[in-house]
Amino acid sequence: KRASRLKATPSWASDEFNSFALNEAYALAKLRTKLTGFQWDVDHIVPLKGQTVSGLHVHWNLRVVTATVNRAKSNSFPGAGPMP
């Protein structure tokens, strides 16, 4: 998983701001998990290895959602083809 994230991070997005924003997203997911008692994940809106499209590991492609929502989405991207 880590290798695919590194591979999906473009060189132009490896600046301090992008790194800060990525770290903040993961910290927020961890905090929400602790506060609510159920799992929160960092979701790539456009999956890194989707069936029809592939996204980037950059801050504007992330959102913090419940694990249930993230698992239901699986590796699909709404609007890029039929969802399973």
Share of the range 31-80's accessible area from carbon and sulfur, percent, 1.4 Å? 58 percent
Long-range amide H partners of LEU48 with built H, under 5 Å: GLY55
Using the Kirkwood radius built from alpha carbon pairs, what does the Stokes-Einstein equation give as D for the range 8-73 at 37 °C and 0.692 mPa s, in µm² per second? 263 µm²/s
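The values are calculated or read from the model by the stated rules, or taken from the named source; none is laboratory data. Keep in mind the model is a prediction, meaning the values are calculated, not measured. Accessible surface areas use protein heavy atoms only, side chains included; no ligands, DNA or RNA. Shrake-Rupley method; radii C 1.70, N 1.55, O 1.52, S 1.80 Å.
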